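See below for the structure under consideration.
The values are calculated or read from the model by the stated rules, or taken from the named source; none is laboratory data. If you're wondering where the values come from, they're calculated on a predicted model, not measured in any experiment. Methodologically, a virtual Cβ is constructed for each residue, glycine included, from the backbone with ideal geometry; neighbour enumeration extends over all protein chains shown. Just the protein is used for accessible areas: all its heavy atoms, side chains included, with ligands, DNA and RNA removed. Shrake-Rupley method; radii C 1.70, N 1.55, O 1.52, S 1.80 Å.
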Amino acid sequence: VKLWSYRDTTKPLKTFDNAQDYVYDVKWSPINPAVFATADGIGNLEIWHLNKNLEEPYTKLAIGEGKTAINKIEWSGDGKHIAVGSSDGQVTLVDVAPHLAEASMDEGGKLKETLKEIQDSIAEAGAATA
């Protein structure tokens, strides 16, 4: 999964390469701007919180005991649930923890700081290799 800037599409801001299989779906939380979920081919639902950790998912849930792929996820409008569709036709409704489902008043500001830190580290890495 790659996070891109709409201003500079020459390279991703961040690559999240934690998945152990193909990632079939990615969706941002409709409420919290720093939270997104991913679904992969071995049945893992991962929820990432960019303001908490950029290297590992905030939480990970195995659905289908690794026997079936998750190929579709959809957040509820209030961000409190995720519907998970699997390749065997099953739909599972997952409750999202309140601290992930609800955004604090400064969540957007924190996300801007996090994204600036990512951009600064990219610039530093580029300067070091030049």
Open item on the list: At R0 = 30 Å, how high is the FRET efficiency between LYS60 and ARG7 if r is their beta carbon distance? Nearest 0.05 is fine.
Closed with: 0.45
Task: With Cα atoms, 0 to 90° folded angle of helix 107-129 axis to the chain main axis - done: 60 degrees
TODO: Would you work out what percent of the accessible area of region 1-51, with all protein chains in place, is carbon or sulfur (probe 1.4 Å)?
DONE: 51 percent
Task: Residue of ALA83, ALA69, ALA39 that the Gaussian network model of the chain assigns the largest fluctuation, springs spanning Cα pairs under 10 Å - done: ALA83
TODO: Could you point to the label whose value was computed as volume of the Cα convex hull per residue in Å³ for the structure here, given (i) 128; (ii) 178; (iii) 113?
DONE: (iii)
TODO: Select from HIS99, HIS81, HIS49 the residue whose mean-square fluctuation is largest in a Gaussian network model of the chain (Cα-Cα springs shorter than 10 Å).
DONE: HIS99
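First measure r as the distance between the Cβ atoms of ALA123 and GLU102, then evaluate 1/(1 + (r/R0)^6) with R0 = 41 Å and state the FRET efficiency to the nearest 0.05.
About 0.80, to the nearest 0.05.
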TODO: Enter the accessible area of LEU3 (Å², nearest 10), with the probe set to 1.4 Å and all protein chains included.
DONE: 20 Å²
Task: Listed residue (GLN90, ASN44, THR10) projecting farthest to the positive dipole end of region 2-130, Cβ model - done: THR10
Open item on the list: Modelling each spin label as a point 7 Å along the Cα-to-Cβ direction, I'd like the ASP78/ASP21 distance in nm, to one decimal.
Closed with: 3.2 nm
Task: Highest-fluctuation residue, LYS72, LYS116, LYS52 considered, GNM on the chain with Cα pairs under 10 Å - done: LYS116
Task: Within the chain: Cβ-based charge dipole about Cα centre, in debye rounded to nearest 20 (Lys, Arg +1; Asp, Glu -1) - done: 260 debye
Open item on the list: Leaving ligands and nucleic acids out of the surface, order THR38, THR9 by accessible area at 1.4 Å, largest first.
Closed with: THR9, THR38
Task: Accessible area (Å², per residue) of the chain, counting only protein heavy atoms and a probe of 1.4 Å - done: 60 Å²
